[in-house]
Structures are given as C-alpha cells and as structure tokens.
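Note sheet for the following structure.
The values are calculated or read from the model by the stated rules, or taken from the named source; none is laboratory data. These numbers were taken from a predicted model, which means no experiment stands behind them. Here the Cβ positions follow ideal geometry from the backbone for every residue, glycine too, while neighbour counts run over all protein chains shown.
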Amino acid sequence: MLQTQELQVNIGPQHPSTHGVFRMLVTVDGETVVDLKPVFGYLHRNHEQIAEANSYLQNMPYTDRLDYFNSMANNHAYAMAVERLAGIEVPERAEYIRVLMVELTRILNHASAVGFMINDMGAWQTPLAFGMREREKILDLFEMASGARLMCNYFRFGGVVRDLPPEFIPNLRELLRALPAYIDELERLLRDNEILLQRAIGIGILPPEVALSYGVSGPVLRGSGIPYDVRKAEPYSVYDRFDFDVPVGKVGDVYDRFLVRIEEMRQSKRIIEQVLEQLPDAKGGHINPKARQNVRPPVGDAYARIESPKGELGFYLVSDGSTRPYRYKVRAPSFINLTPLADMCRGYKVADIVVILGSIDIVMGEVDR
Amino acid sequence: MTASPFEIEIPRGRVIEVQRDDTRVRRGGGLLRGMAVVWKHWKESFKLNRSYSQIHGTFTIEYPEERPRIPEAYRNMPILLYDDETGHELCTSCFQCERICPPQVIHMTQAKDPATGKPVPAVAEFIIEYDACMSCGFCAEVCPFDAIKMDHEFELSTDDHTQLTVHKEQLLRPISYYAKIAPTMWAEVRESALKKLQGNIRRRPDVIGLAPQLTEKIAARRAELAAQAAQAAAAAPVAPAAAPAPAEGRKLTPEEKAAKLAAIRAAKAAQAGESATPAEAAPATPSPTPAGEAAPPADKAAKLAAIRAANAAKKAAAGEAPATPPAAPDASAAETTPSAAPPSDKAARLAAIRAANAAKKAAAGEAPATPPATPAGGTAADAPADAPPAAPPSDKAARLAAIRAANAAKKQQSGDGS
Amino acid sequence: MYDMLAALINGALGWGWPEWALNLLSYILIVTIVLVVAPLQMLFFTYYERRVIARMQDRVGPNRVGPEGIWQPIADGVKMFTKEDIVPQAADRIVHFLAPCVVVAPTVLMFAVVPWGPGMVPVDLPTGLLFFFAISSISAVGLMMAGWASNNKFSLLGAMRAVAQMVSYEIPAVLSLIAIVMIVGSLSINEIIAYQTGLIISNRDLPGIPDLGLGWFVFTPVGFVAFIAFFIAALAEGERTPFDIPEADSEIVAGYMTEYSGMKFGLFYLAQYVLNFLLCAITAIIFFGGWQGPGVGWLYAQGITPDNPNGNGLFNVLAGVLGVFYFLLKTYIFFFVMVWLRGAFPRLRIDQLMDFGWKFLIPLTLANLFSAALWVAFTRWGPAEGMLITVGWSPVLRWLAAFVVTLAINLGVYLWLTRVYAASQAERRRAELEELSAAA
Amino acid sequence: MPEMTPAELRARLAEALPAALVEAEPLAITPPPAHGPQPGLFNPPDPVVRPDQLVAAALFVRDTLGYAYLSDIAVVDYLHAGCFELVYRFYHPSGGPGIVLRVRVPRDEPVVPSLTPHWPAANFHEREAFDLFGIEFAGHPYLRRIYMWDEFEGFPMRKDFPRQGDKYLGGESEG
C-alpha cells in the first residue's frame, strides 16, 4: 500500500484566520487531520494578577479588554459579581439599560462572528462587510452612551456611569428597523448557498453528550442540540421579564452553529424591543446613589455568570475585607469552548480546521487572559 | 439524531429547532439568490447611506475631508481646565485622580506658597503619560473640582515619544472650550465647579495657580493696574476702571463695581500711609488681583491686617452669608484667612483664644515678622477669623482690636447658639 | 490584419516596398499593439475589480491616487517594481527565475488568435481555438516550476494543487467548446464569429434571417449549456472564486507564489489577470459573437475586404471601431460577472472542486456533445447523411425540431445529473462520517 | 429547574459517601492586622471533600444528582492558611443554580486526582491550574503548561510569586 508519512503543519500564530495569536500544531496525513494540539499563551498578560493588585473599581476598565468584542457583557458579569459580593442592589432602570447593552453586543458579536466564519471559507469579505456595517451602527450607540466604541467601561457597582443620552432611543429605534432586513438578507445570501452547504454540512460535528462533557457553552452547546442558556436556566438581572426563544441545532455541525447564531440575533432584537417597552422613566435613576464606588466588601466569595455572546462568562471573587480582591478568576467561554477543538477537527480536511475554528468563534483576549 | 437527552422546559419561551432542510436537492438556486443580494447592494451603493435604518448604500466616511460626528460623552485623553475669566486652574492637586488611575499614569506635585512654604490648593507640576493612559474616564469621574475632563481630540499621533509625557502646559484648556464640546455635561457641574474655584482662588497667593500661559499676561496686567492706580491715586478718587479681571470692556456686575471701588479705596489708604485708623477698609474684591499696591512695607501690611481683622469680626457678628467672603487682598506678607462662614461655636472659642494670646504677644511688643501660621488653608474648612496680632502699633489700639474681636466672637457664638 | 496593414503602409508611403519589408513592418506593428494592450488590460482590470467589489460591499474602493483612484494601478505597478526581490537561499535560482517567464509568455501568446474586430485578428489561424487552449496549458508547467523551485513545502503543495485544478478543468472547458465547433464545423475563431450573424437565430441555420449580428450561440440550448460549463471551467482555469484554492488557501497562504516578491510576484499577478481577460474574451467570442453586433457586418461589407477590394477604407476603420467596442463591452461584462461571483461565494475545498469538475461538469458537457450532434443532424443533414425523418421539412421546421429536441435532452440531463450528484455527495459525506466515527 | 442548597448537598453527600466529607474549619484569609477591626473568617457553606474522594464525589454528583455540566475549577491560594482551595462548580443541564464542591490541599504538596478522564471539560481548567498555581493533577493525560512556555520556572499566580519582576523581568540580577 502506498506508504504515507505524516507531516507536521503549523497553523498560526501569525495566520489570516486564527482570530488573534493562536497556534495549532496539526499533524496531517496527506489531506486529513490526524491530530491537533492548540497552543495558547501568546496574548497572556496575567489579567488575574493585575486584578489582584487593583481595587475593585479599577478593574472595571480591565474587564473591557477580556473579550474585546463584548466589553459591555464583561462589565456586566464583573459588576454583578461585585454587587453580589458587596450586597449592592441595582435600580430598575439600570438593570434594563444593562440588558439593553448586553443584547446589543450579542447582535454585534454574532454579526461579525458569522462574517468572520464565512470569510474563513473564502467569501471575499462581503458578508463580513455587511456585518461590520451593522456593528458600526451599534458601536456608535455605545459611543453615545458610554463614551467609547470598544472599551466602554460603562457599568459601575449599582448601575451605569451615565444615563442614556436623549438621542440614544430614537437612533436605537431606527436601528431596530434595519436589523430584521439585515438578518433576512444575510440568510438570503448564505442560507441555501450550495458552496456554503458543502463547506459546512457535516463538518466539525459535536454530538450533544460529548458537547456537555466538554463543558462548552453558548452557541456551540446550543448548536449541538442542548437548549442550555444561562438567561433561561438561571435568569439573572431582569431577564425573567422578557419572553424569547432558545434556538437549538440538530446535528451539531458548522451549519447548525451558523444558523443558531443567526436565529439568536433575531431573539436579541425581540428582547431589545421588549426592553424599550418596559424601560422605566429616568426618575428611576441610572445608578444606586448609596452605592460607594470604592467598595470594601466583607470577607467571603461570590460567583456571578452571564450568557455572554460566546458562552457562559463567570467571575469568581474572593474578598479578604480590603479594597483589593484577594482572588479574581474569570471563567472565559472562548477558553473552554476550545477544549473539543482537537476532537472536532480529527479526520477532516486541513481546509476545514479554519472553518471549524471560525464556527466556535473565539477571541484571544479572553482565551489567554 | 438522538432526542435531546434532557427534557428542558424554558420559562417564557420555546425551544426552536433551526430548519436545516439539508436533504432537499439544491440546483444552484441558492447561488443565484446570493448573487441577487450582492447585485442589489451594487446597484444601491451609488447612494450615500448615513441613516441607521438603511442597510444599502455606501456608508464609508471619507475621513480627513468628512469628519464622523463625535457624541458629547466621547472620551479620549484627559485635559485640565482653567477659567478663562480669571485665568485660574480649577485643579487643586487633591491627588484623587492620581489615586484612582488604574494604570497610574497621572503624576502631580502640589504648589507651595513661595513665601511661607506652605502647600497651596494649586498644582505645580501635572504630568499625564498619554501613551499609557487608556482613557477610562475614572479621573474625570472622581475629581471633586471638575478640574480634569475627557477631551474629544483623537488625532494625537506623534513620532516623538517624549511628547507623549504631557505636561501641564499642554494639558490646559479653557472652560469655554470644554463647554463647547460637552455643553450639557458642563452645564450640570458648572455652578459647583466655579464656586469651588472661587474658594480656591482666595487661598492662592499671587500668581500661584494661574494657568502658565496666562501668568505673564496677568502679571503684566497687574503691574499695569498698579501703575495706573498709583498714578491716578492723586487724581479724583474714582480711579479709572481698574477692572480686576483681565477681560476688558466687560459690563461690570454690581459685585464687581463694589470690588473696583474697594480696590481704589484700599490703594488710596495704603498709598497715603496714614496711621492705622480703623478706617472702613472695604472688603477686598472677590477677584484675586490684589488691590493694586505693590509689595507694601511690613507696617502698612500690618495696619491693613488690623483693619481687616476688626472688620472681619464685625462681619462675623453680622452673620453675613458666606457667598461673598470678605477676602482680604492677599497682601504678599501677611497671610490671613478671613472667616467666610459664620464661625461655628468651636471656631468661636478658637477665635477667642487666639485673640487673647494675640493681645498678649502685642503687649510683649514682639515684632512678629511673620504672624503665627494660621491653620493651613489646605483643607477648604474655613478657619474662623482670627485676629492677627497687630504689629507694634500703639499696643493700646491693638489690645482694643483684640478685645473687640474676642467679645464679638462671643456674641456671635451666643447669637447662633440658638 | 496583415493585408489591411500592408495596404495601409503601401498607400501611406507610396514607395514599392519589398514584400519582406512589408511583412516585417506590419508584424512589428501587430506585436507592439498586442504587447501594449495586454498590460494595459491588466492594469485596468485590477482597478476595475477593486472598485466593483468595493461597491458590492457598500464601500467606495480606491479613490485617493488620482481622480477617482485612476492612477492606483500605476501606484501598484511602481510598488511592485520597487519591492525587493527576495530569492530564498535554498531555492533553485535558475528555475525560480524562469518560472514567471514560463507562466507569462504563453498567456500573452494567446493574444495571437483573438480577433478584436472584423478582419482585425493578428494571425488568422484555421485552427485558432486549438492553438488558444494548447498554449494556455503551458503556463501550468510554469506553475509547477515555481512551486518546485521555491523549495518550500507549502508552495510545492500549492503548485501541485494549482496544476491539478487547471489540468482537470481543461477537459470540461474543451469539451464544451467542441460542441460549438461541431455546429460551426471549423476550428477557426473567425469562422465561429462569422457563424453568429442573424437575429437570435443564426442565419446560417435559417437563411432568411436579417443579418443583425445577434445570432449568438448562447440562445441555442446546446450553446447555453456549453456556455455555463465553459464559464465555470474558465473560473477554475483563471483561479477565480469559488475556485481560488491556490491563491488564498487557508493553510498554504499564497500557494506557489509564497516565495516570490517584487516584480516576479508582479508577473504572476499580470499573468493571472491577463489570463482572466483572455478567458472572458474567448467566452464573449464563442458564445456572444465576439465583435458581432448590429451594424458591424454591414459596415465591414462596404470597406476593403478580400471579396470587395475597391471598397472605401473609412468603412473598415468604422467597422473596426464598432467591433472593438462590442467585443470589449462583452468582455468587461463577463469580468464583472467574475468579480460578482467573487463577492458572493465562499470557496470550495480542493477535493470538492475536483469532485464537481469530474462528476458534474464532464458528464454535463458530454451530454451536451450528444445534443450538439443531434442539432447538426436536424438542421443540416439530409437523406444522404441518413437523416430520413426530416426529409421534406422546411428549414424553419427543422430548426424548431432541433431546438426542442436539444432543449429536452439538456434539461433532462441537468435535472437528472443534479440529483445523482447530490446523492453522490451525501453518500460521500456519510462514508466520511462513518470512517470518522470508526477512527474516533 | 432542580434546586439544591449547599446544606442539602452536604447531607446527600454525607449519607452517600460518608468518608468523603471533611469538617472544614473557617479560614483566616489574611494575617490579623496589628490594630483596627479584625476581618471575619471565611466559612463557605459548601461541602469540603477530601482530595482522594474527589473523583467519587464528582461521579456521584454527575450520575445520581444529574449535575453533569462541570463549568469551572477555580483555585485560590490561601497563603496565610497554608492551603490551596479548589472550587469545582457543577450545573444541571435542565437549569437552576449550580452546586459547589471544595477541596483543600496543603501548599507544599498540592496533589489532586484529575477529573479529565471522566470530564474532558476539566482538561484546560486543570492545565491552567497547574500552569499558574503548580497543582499536580494525578491522571491528567497531558499535564503541561498552557500559557507559559514550558521552560518557565515558578507559578505566577501564587501569592508568594515575586511581583516586582523575577529573573525574566529583570528583577534580581542573576539568572
């Protein structure tokens, strides 16, 4: 029989489609992947050590830099963890503003995640350009409210730093008119595209029980058929007041995860509409006036998790009574979602690795911390 | 595919399965539909699209020629503010921003009063390392004096790295500039900021705390004022408009008119040099510029101080609202902290004690070149009007002033005791 | 082109030029025209592509260098010239140097047989089409040389893939053209163009049709299927999306061009765009009548032509200009379609590409050959050739019967083939999953 | 939505695996300050499991209680109390709040049985714990540093790791 010799190929760390500095040591037998070993650490800055040297409030801008696509989601998780630790309660309007901001980041994240994945498949940035246009609109809204497009640093313990500016709601209503048209157009462009079907169906399959045992979360878990969404499983903040559905895939391949992300964008739009209906008026206050920002929580620990667009993002804080957290741990969804990468890629072609990685949708800032 | 191993009921929502329908045989229809979408985009892209509700049309902004609209809350790099009326910086170097700054890029040193060496509520050296600053906006949030705000200027690239360690001179911007870029945010904090500024100005001797670029201008202005006052003193009492503020031609508010009058009278009194008759030394103008006299000789300052003490005591007795504290012109030598707010009882007792030992010292005939340091003006707490020990004018007059101050304080104390 | 030029030169300078001087001078003129036109087309195409794809993505595209970015290609060219030309140390220097030449030379050579206007073809070869495709496969050798000489694992892999793709898509391309050659009866490109006169239906099939130059092959079912198959094969040949495997491959970053920089990389770039231009041109020529268009035939008839020597020269020029205009218009439309596809589709995997080529395109083109034969049988054969059914039918009826029969066959084959192909893909995927789960 | 309070979990564990539970005394996180108010002691309600019984307890939690989703393994270095505490967090796939198992190992020989053979999810958590805290996970298939390069000495997240730069960051002159 033709004796073939295995070849070690390095994909990354500088590579057009590894979403940041991430290396995969792939042993290839001809075309099919035999084994894949992910290598991290290129972007490791020991975020948790920095956090232990900062006071609680000073950590807030650092959480923006964890998953730099969804700075609002990171802020939300961290703010909830500290509020749970120090026992600060948040006024109604602040909770609604927080949910509004996190759902906007979900739309922004899924729009660009789908764009990047299709871009890895080779479509020359067209779906990505459409996604980026929607993302720009949302970033403008963030800039109006928080002052920065990407590093929003908008949340404080007990609420948000500033109430919504007057021109925020009208612009948001206008954006909500564009979103369904954008999502339908994206589906028309890609859903039945024969080439995409060939590149996505049956690629990177993750059966449900394997997905559960790998502890993946977010669209990757729901793509495999398990309807686990932290907003529904353990409703936090005011999520129990909105009704929205949980999209779930059937087979757990790249195509399912793609469809789940598109459906989740629609659900997020539904949530935002309900937030706008139920938004209490400004009298409710955008921050709890009694909450002092240089927090000195009692001794103890607290864990808070949210459904960030990439999965379950959790913050574990241990306080020793001083103004600095004694231990600050981040449960990063992208980091854990990479665990099954080796199993998902084994047996597929080399060109599929990049597509599977795109379907998991990782951001290196969160993986390497 | 095995049924989902967990039967999960979702509150307020359904579990919806995405329709894959991948068994349908596809014959290129999807490809054509995709091309139709791209064709529509090509056709529409000849129109500009600036609205949020449109998904067609070119949305690129030709950057240098066409600027994106910057919202008011936008924050890039911190800047320091100075009041363009009085030329004084708002910053009192209270170190709050330096403490809160996560990457610790703000470095400042407090200004010292050159004569007495005591710290003054003004900043001497203020450095921000713009290359490490992440524009998180914490310094602007925690500043109690609204002295540091976030700028909207983002074209900061430079090829010389040393420029990125920005000193106070490049950081300072007039309040009018900040009011222009962030109108509503400035309107909210305007009154409290300016009130605090006035409080601080009074504690700043001579040119300390002035925005550097304005220092020479204001010093020149003052010299010019002094020259005018001196030259016009012999003429009609009403001196030409020694407008305290460098802003000429501004319609004078009543408060400023009184201030101008007082400045003239004080200049006349000092210039005439008559004995320390308890002439009515009108309270100095609220503006910081001293009433025109050059550095007065020690005794003249002392006489002034005595007059002021008597008056302050009278004012304290009248319990006048603290809005316009009788700020004694900051004579370069004597450093007095006239009482602004009606002294609380504790303060009154302090005044009495001090008046007593002032009288003692005056009796001892010691020529205190520098009166004992009054409580440092650092904290904005208002020290009660202590009767500065008079220099050795006739000791009787000094004792008289001291006693009068003491019983005024006691009356005051009983007055507001109820 | 040669005779016209010879007459021109004789007329202009009036002396009795010796035969060989006339020959030399006119061919020098032709060669310079071709060598100027090829890079110009390439420069325009790079600009054209970037502007069009930008417009498709709601952006503007290069508009800074010169008014509306017109000098952008010049700037790219200068950049290519000034970039340092690195040759890897372990590379085989001579082969590394020769590879771009071997890729560019045949591509420019293909211009020899491309007719720009009526009578305006550099060399009127009777077997023009064969020459065209024979020369184009030489550049595959150049790719292999580039891959092999770079002594880099990835570029070798990339080169092999590129060559495999170009060779395996040559077959459906040629097969689809044979169908047209069978109908026309000759390999000469001018002959193919001349066949496509008339309105919608070529007047060679139905003599009565007025000659408006619109009798294109694409309106016949045989021609249409051949056009689709040929255009897809041309995409693969020119490495355009969805077949740009070598150029932007996910694991072999730039395929065979990895170790090239500076002007050598520029040459590969030139070759690629010139090849795209030529493929669009040949598509326009064979299926859309090249320079044929309303008015060209009539104008050319007035001018100096072999069978009307004393026509007025001005008409030649007019016919030429109108012909070139039509030809370039059609070519640019086809390049627009190529860019359009690039904006809309992701990329196929290398094995799917091969699968599609061998299991779908080739059977389709073979069936098309069969229906082409039927077309010829119905329209032209009489009882002598054994076609007894259509004895005594009027030409219109014969044309109609040919149209219906070929349409039925082609449509039936297409529907049947898509189902079979989809089934085979599903089967392949299932087998892969099985083997995967067995391995796991 | 299954709900289980720590006390209930402790009871179920006690009667299922009597040997597993350890009566944990509250921890003093930081040394008592010289003067000023004494910060309280850290006494979490969650059950503390003996290291060698960890795998049994985890399997019990997964199979009988149904909490099959291991979400997070957090390691906390209690320098003053002289121990590492590993916080295992499980969630039930049909929702509801999670449950927490804690394991305390002495700082000088931090060896904990690895969960990776039963839960592939624990793979990266345990490699991160090994990389940043130096906790040995017995039975882990590929226990190597995940962030740092393999030749890196020292465990960055330990409380006694030199903060002012070490031999890589130009701290001491040697090395």
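Take A:P340 and tell me if it is at pLDDT 90 or above, of a type outside the set (G, A, S) and over 23 Å from C:S437 (Cβ atoms). Working first, answer last.
Working: at pLDDT 90 or above: yes; of a type outside the set (G, A, S): yes; over 23 Å from C:S437 (Cβ atoms): no.
In short, no.
Could you say which residue among B:D84, B:D22 is within 7 Å of another protein chain (Cβ to nearest Cβ) and either assigned to a loop (DSSP other than H, G, I, E, B) or loosely packed, with under 15 Cβ neighbours inside 10 Å (or both)?
Details: B:D84 fails: within 7 Å of another protein chain (Cβ to nearest Cβ).
Of the residues listed, the single one that is within 7 Å of another protein chain (Cβ to nearest Cβ) and either assigned to a loop (DSSP other than H, G, I, E, B) or loosely packed, with under 15 Cβ neighbours inside 10 Å (or both) is B:D22.
Every residue in the range A:269-311 that is of a type in the set (S, T, N, Q), more than 12 Å from every other protein chain (Cβ to nearest Cβ) and surrounded by fewer than 22 Cβ atoms within 10 Å (Cβ to Cβ), please.
If we filter the range A:269-311 for residues that are of a type in the set (S, T, N, Q), which is where we start, we get A:274, A:278, A:288, A:293-294, A:308.
Checking which are more than 12 Å from every other protein chain (Cβ to nearest Cβ) leaves us with A:278, A:288, A:308.
Those that are of a type in the set (S, T, N, Q), more than 12 Å from every other protein chain (Cβ to nearest Cβ) and surrounded by fewer than 22 Cβ atoms within 10 Å (Cβ to Cβ): A:Q278, A:N288.
Looking only at the range A:313-369, count how many residues are of a type in the set (A, V, I, L, M), within 9 Å of chain D (Cβ to nearest Cβ) and part of a loop (DSSP other than H, G, I, E, B). Show your work before the answer.
At the first step, the residues of the range A:313-369 found to be of a type in the set (A, V, I, L, M) are A:313, A:317-318, A:330, A:332, A:336, A:338, A:341-342, A:344, A:350-351, A:353-357, A:360, A:362-364, A:367.
Cutting the leftovers down to within 9 Å of chain D (Cβ to nearest Cβ) gives us A:318, A:336, A:338.
Going one step further and asking which of them are part of a loop (DSSP other than H, G, I, E, B), we end up with A:338.
Total meeting the criteria: 1.
When C:K83 is evaluated against the numbered criteria (1) free of Cβ contacts under 8 Å to residues at least 60 places away in the same chain; (2) basic (K, R); (3) surrounded by 13 or more Cβ atoms within 10 Å (Cβ to Cβ), which criterion, by number, is the only one it fails?
Of (1) free of Cβ contacts under 8 Å to residues at least 60 places away in the same chain; (2) basic (K, R); (3) surrounded by 13 or more Cβ atoms within 10 Å (Cβ to Cβ), only one is false for C:K83: (1).
Which of (1) more than 22 Å from B:Y177 (Cα to Cα); (2) buried (at least 22 other Cβ atoms within 10 Å of the Cβ); (3) among the hydrophobic types (A, V, I, L, M, F, W, C); (4) within 14 Å of another protein chain (Cβ to nearest Cβ) does B:M150 not meet, given it meets every other one?
The one condition B:M150 does not meet is (1).
Here are some residues: C:A373, C:A384, C:A377, C:A367. Which one is surrounded by fewer than 17 Cβ atoms within 10 Å (Cβ to Cβ) and under 24 Å from C:V174 (Cβ atoms)? Outline the logic, then answer.
Working: C:A384 fails: under 24 Å from C:V174 (Cβ atoms); C:A377 fails: surrounded by fewer than 17 Cβ atoms within 10 Å (Cβ to Cβ); C:A367 fails: surrounded by fewer than 17 Cβ atoms within 10 Å (Cβ to Cβ).
Just a single option satisfies the conditions, and that option is C:A373.
Within the range C:387-424, can you find the residues that are surrounded by 14 or more Cβ atoms within 10 Å (Cβ to Cβ) and of a type in the set (S, T, Y)?
C:T390, C:T406, C:Y414, C:T418, C:Y421
What about B:A140, is it within 14 Å of chain A (Cβ to nearest Cβ) and assigned to a helix (DSSP H, G or I)? Walk me through it before giving the result.
Numbers: within 14 Å of chain A (Cβ to nearest Cβ): yes; assigned to a helix (DSSP H, G or I): yes.
When the stated conditions are applied, B:A140 passes them.
Quick test for you: out of C:V181, C:V87, C:V123, C:V108, pick the one residue that is within 30 Å of C:T305 (Cα to Cα), assigned to a loop (DSSP other than H, G, I, E, B) and not aromatic (F, W, Y). Working first, answer last.
Numbers: C:V181 fails: assigned to a loop (DSSP other than H, G, I, E, B); C:V87 fails: within 30 Å of C:T305 (Cα to Cα); C:V108 fails: assigned to a loop (DSSP other than H, G, I, E, B).
Of the residues listed, the single one that is within 30 Å of C:T305 (Cα to Cα), assigned to a loop (DSSP other than H, G, I, E, B) and not aromatic (F, W, Y) is C:V123.
So which residues in the range D:43-59 are more than 15 Å from the chain's Cα centre (by Cα), closer than 26 Å to A:V299 by Cβ and of a type outside the set (S, T, N, Q), if there are any at all? Can you show your working first?
Step one: filter the range D:43-59 for residues more than 15 Å from the chain's Cα centre (by Cα), giving D:43, D:45, D:56, D:59.
From what's left, closer than 26 Å to A:V299 by Cβ: D:43, D:45.
Within the range D:43-59, just D:P45 meets the criteria.
Quick one: in the range C:16-66, which of the residues that are in contact with a Ser or Thr (Cβ under 7 Å, 6 or more places away or on another chain) and part of a helix (DSSP H, G or I) is surrounded by the fewest Cβ atoms within 10 Å (Cβ to Cβ)?
If we filter the range C:16-66 for residues that are in contact with a Ser or Thr (Cβ under 7 Å, 6 or more places away or on another chain), which is where we start, we get C:55-60.
Add one more test, that the residue is part of a helix (DSSP H, G or I), and what stays is C:55-56.
Working: C:R55: 21, C:M56: 26.
Checked the range C:16-66; the qualifying residue surrounded by the fewest Cβ atoms within 10 Å (Cβ to Cβ) is C:R55.
Take A:L221 and decide whether it is more than 8 Å from every other protein chain (Cβ to nearest Cβ) and modelled with pLDDT of 90 or more. Let's see the steps before the verdict.
On the way: more than 8 Å from every other protein chain (Cβ to nearest Cβ): yes; modelled with pLDDT of 90 or more: yes.
So A:L221 passes the test.
Among the residues of the range C:188-209, how many are assigned to a loop (DSSP other than H, G, I, E, B) and surrounded by fewer than 17 Cβ atoms within 10 Å (Cβ to Cβ)? Spell out the reasoning first.
Here is the first cut: in the range C:188-209, the ones assigned to a loop (DSSP other than H, G, I, E, B) are C:188, C:196-197, C:200, C:203-209.
From what's left, surrounded by fewer than 17 Cβ atoms within 10 Å (Cβ to Cβ): C:200, C:207-208.
Going through the range C:188-209 one residue at a time, the tally reaches 3.
Quick one: count up the residues across the range A:243-262 that are within 7 Å of chain B (Cβ to nearest Cβ), of a type in the set (F, W, Y) and more than 14 Å from A:M344 (Cβ to Cβ). Please lay out each step first, then the result.
Our first condition is that a residue be within 7 Å of chain B (Cβ to nearest Cβ); within the range A:243-262, this holds for A:243-251, A:255-256, A:259-260.
Then keep just the ones that are of a type in the set (F, W, Y); that gives A:244, A:255.
So of that shortlist, the ones also more than 14 Å from A:M344 (Cβ to Cβ) come out as A:244.
Residues in the range A:243-262 being within 7 Å of chain B (Cβ to nearest Cβ), of a type in the set (F, W, Y) and more than 14 Å from A:M344 (Cβ to Cβ): 1 in total.
When you scan the range C:92-105, do you find a residue that is over 22 Å from C:V181 (Cβ atoms), modelled with pLDDT under 90, touching a Phe, Trp or Tyr at 6+ places or on another chain (Cβ under 9 Å) and outside any strand (DSSP E or B), even just one? Please lay out each step first, then the result.
Initially, the range C:92-105 is screened for residues over 22 Å from C:V181 (Cβ atoms), giving C:92-105.
Still in the running and modelled with pLDDT under 90: C:92-93.
Among the residues that remain, those that are also touching a Phe, Trp or Tyr at 6+ places or on another chain (Cβ under 9 Å) are: C:92.
Cutting the leftovers down to outside any strand (DSSP E or B) gives us C:92.
Checked against the condition, which is being over 22 Å from C:V181 (Cβ atoms), modelled with pLDDT under 90, touching a Phe, Trp or Tyr at 6+ places or on another chain (Cβ under 9 Å) and outside any strand (DSSP E or B), the range C:92-105 yields at least one hit.
Hey, among A:A111, A:A86, A:A53, A:A81, which residue is touching a helix residue (DSSP H, G or I) at 6+ places or on another chain (Cβ under 8 Å) and either touching a residue at least 60 places away in the same chain (Cβ under 8 Å) or not hydrophobic (A, V, I, L, M, F, W, C) (or both)?
Working: A:A86 fails: touching a helix residue (DSSP H, G or I) at 6+ places or on another chain (Cβ under 8 Å); A:A53 fails: touching a helix residue (DSSP H, G or I) at 6+ places or on another chain (Cβ under 8 Å); A:A81 fails: touching a helix residue (DSSP H, G or I) at 6+ places or on another chain (Cβ under 8 Å).
After applying the criteria, what remains is A:A111.
Out of the residues in the range B:165-213 that are in a loop (DSSP other than H, G, I, E, B), more than 15 Å from the chain's Cα centre (by Cα) and not charged (D, E, K, R), which is nearest to B:A124 (Cα to Cα)?
Just the residues of the range B:165-213 that are in a loop (DSSP other than H, G, I, E, B), to begin with: B:167, B:182, B:203-209, B:211.
Now drop any that are not more than 15 Å from the chain's Cα centre (by Cα), which leaves B:167, B:182, B:206.
Subsequent filtering for residues that are not charged (D, E, K, R) retains B:167, B:182.
Details: B:H167: 10, B:A182: 27 Å.
Among those residues, the one meeting the criterion is B:H167.
Within the range B:100-117, track down each residue that is within 14 Å of another protein chain (Cβ to nearest Cβ) and either out of contact with any helix residue (DSSP H, G or I) (no Cβ under 8 Å at 6 or more places or on another chain) or hydroxyl-bearing (S, T, Y) (or both). Quick ask: steps written out before the conclusion?
Pass one, the range B:100-117, residues within 14 Å of another protein chain (Cβ to nearest Cβ): B:100-106.
Of everything in the range B:100-117, those that are within 14 Å of another protein chain (Cβ to nearest Cβ) and either out of contact with any helix residue (DSSP H, G or I) (no Cβ under 8 Å at 6 or more places or on another chain) or hydroxyl-bearing (S, T, Y) (or both) turn out to be B:P103, B:V105.
When you scan the range A:1-61 for strands (runs of 3 or more DSSP E) that lie fully inside it, which ones turn up with 2 or more residues that are within 20 Å of A:A342 (Cβ to Cβ) and at pLDDT 85 or above?
Numbers: elements: A:7-11, A:23-29, A:32-39.
Ranges flagged: A:23-29, A:32-39.
Where residues in the range C:296-327 are buried (at least 16 other Cβ atoms within 10 Å of the Cβ) and closer than 20 Å to C:C280 by Cβ, which of them is nearest to the chain's Cα centre (by Cα)?
C:F327
When the residues of the range A:115-145 are filtered to those that are assigned to a helix (DSSP H, G or I) and more than 22 Å from B:S53 (Cα to Cα), which remaining residue is nearest to the other protein chains (Cβ to nearest Cβ)?
Keep residues of the range A:115-145 that are assigned to a helix (DSSP H, G or I), which gives A:115-121, A:126-145.
Then drop every residue that is not more than 22 Å from B:S53 (Cα to Cα), which leaves A:116-121.
Working: A:F116: 12, A:M117: 10, A:I118: 6, A:N119: 9, A:D120: 7, A:M121: 4 Å.
By that ranking, first place goes to A:M121.
Restricting attention to the range A:231-250, which residues are out of contact with any helix residue (DSSP H, G or I) (no Cβ under 9 Å at 6 or more places or on another chain) and in contact (Cβ under 8 Å) with a residue 60 or more places away in the chain?
Scanning the range A:231-250 gives a single hit, A:E234.
Please pick out the residue among A:P227, A:P180, A:P165, A:P208 that is touching a residue at least 12 places away in the same chain (Cβ under 8 Å), more than 29 Å from D:H125 (Cα to Cα) and facing another protein chain (nearest Cβ under 7 Å).
Numbers: A:P227 fails: more than 29 Å from D:H125 (Cα to Cα); A:P180 fails: facing another protein chain (nearest Cβ under 7 Å); A:P208 fails: more than 29 Å from D:H125 (Cα to Cα).
Of A:P227, A:P180, A:P165, A:P208, the one residue that is touching a residue at least 12 places away in the same chain (Cβ under 8 Å), more than 29 Å from D:H125 (Cα to Cα) and facing another protein chain (nearest Cβ under 7 Å) is A:P165.
Looking only at residues in the range C:210-240 that are more than 15 Å from the chain's Cα centre (by Cα) and in a loop (DSSP other than H, G, I, E, B), which one is surrounded by the most Cβ atoms within 10 Å (Cβ to Cβ)?
This residue is C:T220.
Scan the range B:47-58 and tell me whether some residue there is touching a Phe, Trp or Tyr at 6+ places or on another chain (Cβ under 9 Å), within 13 Å of chain A (Cβ to nearest Cβ), crowded, with 21+ Cβ neighbours inside 10 Å and closer than 30 Å to B:K112 by Cβ.
Among the residues of the range B:47-58, not one is touching a Phe, Trp or Tyr at 6+ places or on another chain (Cβ under 9 Å), within 13 Å of chain A (Cβ to nearest Cβ), crowded, with 21+ Cβ neighbours inside 10 Å and closer than 30 Å to B:K112 by Cβ, which makes the answer no.
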